[in-house]
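Report on one structure; see the data block that follows.
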Amino acid sequence: MNDDELASEYVLGTLPAEQRADVEQRLLHDAQLRAAVQAWEQRLLPLTALAPPVSPSAQLWPRIERSLTQAHKRVDKPVPWWNLLVVWRGLTAAGLTATLVLATLLWMRPPIAEPTFVVVLVAPQDQAPGWVIQASDRQQIQLIPLGVMQVPADKALQFWTKADGWQGPVSLGLVKPGQTLSVPLDKLPPLAPNQLFELTLEDSSGSPTGKPTGPIQAIGRAVKVL
């Protein structure tokens, strides 16, 4: 995991406790890591407007006060706001899904337009998020990697989608690991909530049948966010 990926997970609060503690120690003397963390903070803050307001529980503010006291005992400088959001660690499954959606919106550059649909593609084995799909309209999507997936030299990743009522998945083309892909959907029906997207491992030239034949590498369904 490089510094940027480490910073993103640190800001979101998804690192294991031991790894998070290591990052906090590095932040005291690692200017490059601090810059990455600050950049992710700037990306995250504007996107909080996408989430509906939720009234905090009566226990939240006392927990924050305790965290503030403990944090100031560790360091003598202001503590970044994300270190104080202990509520991240107590999120329900639904809250975790929303967290992943926000995380994937925070890619390396600001989006051209606010997305209408978002899809988080996760590995079926461990549910780790690997790609995000965002769409600012119903006929154009972007597939954005959250890392670089290792693909054998004689294989390729193929991108598929299927909405309810379709006879089968439709190919959206081959995908280069680690690269963003823009896909026009002008020959397909408009995007719909719960639409399935997946990446499968196929021959280097793509599926010989025009349908998925290889193992699924990442899968997810569309969620309407605006």
Item to check | Burial ordering of 40, 166, fewest other beta-carbon atoms within 10 Å first | outcome: 166, 40
Checklist entry - Under a straight-distance cross-link criterion of Cα-Cα below 17 Å, which aspartates and glutamates are reachable from residue 176, leaving out those fewer than 8 residues away in the same chain? => result 154, 198, 202, 203
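No lab work stands behind these numbers, since they all come straight from the coordinates. Keep in mind it's a predicted model, so treat the numbers as computed, not measured. Every residue, glycine among them, receives a Cβ derived from its backbone with ideal geometry; neighbour counts consider all protein chains shown.
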